[in-house]
Amino acid sequence: MNWQVKYALANIAKETRSTAEHVEGELIRIATPDQPDVSAAISAANEIGAATAASYREKYPELDFLCGYRKTCVWYGEAIQYLEDAGIGWGSLGTLGSAALDGNANSASHKVYKFADRLLRQYGQVQEVIREYDRIHRVSLKSGTSVRIGMIADYEPTAEAVRSLWDDFGPVDTVWNINPNGNPSPDAINAGQELGCEVMKWDELREYLRTA
């Protein structure tokens, strides 16, 4: 049994009222009272692209959810679109646990970014959203302007977090601190200015999009 499968089984048993069993390879089955069983693949990949997502679906045709076990796992936009089109949920172990309890594993998406993604798509000035990565969105506005937005979920993003986002995913116009409870540090804001982008919360981003 792979290490990530072993830890996933232990965490599900510890953190939820669901039970989980190993089926084969990286596949587990989760049972929750009054909810449908969930077949989930537990991946240890550092990043998940469309080819990786397709290989899991081919290997496990009964797949309901693809879990990126590592907290640092990066999801490519093509993989997200592929899984959503196929009716397969995706995201972290925490997302999987919640989805099993809620009975919506086939439509669940990474809980860290789900609300922020929805906010962007529902904002009235937005015409189109292209998701390049789980945390990078290219937004076309009704004004004709295109804005590339990077998301950081830290409670208080640091200058290093801003620089790392830029280095790992390329230049962005804005860095959005999506944690509702925290605020970016002054050093993070200064780092963004040095790079040529703004670091902001939702209220500031909404105004930015309105006037862009």
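The values are calculated or read from the model by the stated rules, or taken from the named source; none is laboratory data. Everything numeric here is computed off the predicted structure, so don't read it as measured data. With ideal geometry, Cβ positions are generated from the backbone for all residues, glycine too; neighbour counts draw on all protein chains shown. We work out accessible area using only protein heavy atoms, side chains counted, and drop any ligands, DNA or RNA first. Shrake-Rupley method; radii C 1.70, N 1.55, O 1.52, S 1.80 Å.
Considering only protein heavy atoms and a probe of 1.4 Å, how much of the accessible area of the stretch 3-109 is carbon and sulfur, as a whole percent? Ligands and nucleic acids excluded, carbon and sulfur give 47 percent. Counting only DSSP beta bridges with both residues in the chain, the antiparallel share comes to about 55 percent.
Taking label positions 7 Å along the Cα-Cβ direction at both residue 51 and residue 14, the computed distance is 3.5 nm, reported to one decimal. Both radii are taken from the alpha-carbon atoms of the stretch 112-211; with Rh as the Kirkwood radius, Rg/Rh is 0.93. Would you mind computing, in nm to one decimal, how far apart the modelled labels at residue 138 and residue 198 are, each placed 7 Å from Cα along Cα→Cβ? About 2.2 nm separates the two model spin labels.
Which residues does a label at residue 59 reach in the stretch 14-38, if reach means a backbone N under 17 Å from a point 7 Å past the Cα toward the Cβ? Under 17 Å, as judged by backbone N against the label point of residue 59, lie 22-29 of the stretch 14-38. Looking at the stretch 112-211, what % of its DSSP beta bridges pair antiparallel, to the nearest 5? Taking every DSSP beta bridge within the stretch 112-211, about 60 percent pair in antiparallel fashion. Once the Cα atoms are used to define both axes, helix 186-195 deviates from the longest principal axis of the chain by about 80 degrees. Note on residue 158 and residue 123: the extension gain reaches 9.9 nm, defined as 0.36 nm multiplied by sequence separation minus the Cα-Cα distance. Under the simplified labelling scheme, the residue 115-residue 24 pair shows an inter-label distance of 4.0 nm, with each label point 7 Å from Cα along Cα→Cβ. Hey, how many Å between the Cα centroid of the stretch 4-72 and the Cα centroid of the stretch 168-195? Comparing the Cα centres of the stretch 4-72 and the stretch 168-195, I get a distance of 32 Å.
Under the criterion of Cα pairs below 8 Å and six or more residues apart, the relative contact order for the chain equals 12 percent.
Mind checking the dipole of the stretch 112-211: about its Cα centre, +1 per Lys or Arg Cβ, -1 per Asp or Glu Cβ, Debye to the nearest 20?
On the way: 12 positive and 16 negative charges, 120 e Å.
That gives the stretch 112-211 a dipole magnitude of about 580 debye.
Highest-first packing order for the peptide set 1-11, 168-178 is 168-178, 1-11, based on the mean count of other beta carbon atoms within 10 Å. The relative contact order of the stretch 112-211, computed from alpha carbon pairs under 8 Å that lie at least 6 residues apart in sequence, is 22 percent.
Of all DSSP beta bridges located in the stretch 54-139, what percent are antiparallel, nearest 5? Walk me through the intermediate numbers first.
On the way: 5 of 8 bridges.
Antiparallel: roughly 60 percent of the beta bridges in the stretch 54-139.
Magnitude of the charge dipole for the chain, about its Cα centre and with charges confined to Cβ atoms of Lys, Arg (+1) and Asp, Glu (-1), is about 240 debye. With protein chains left intact and a 1.4 Å probe, residues in the chain average 50 Å² of accessible area per residue.
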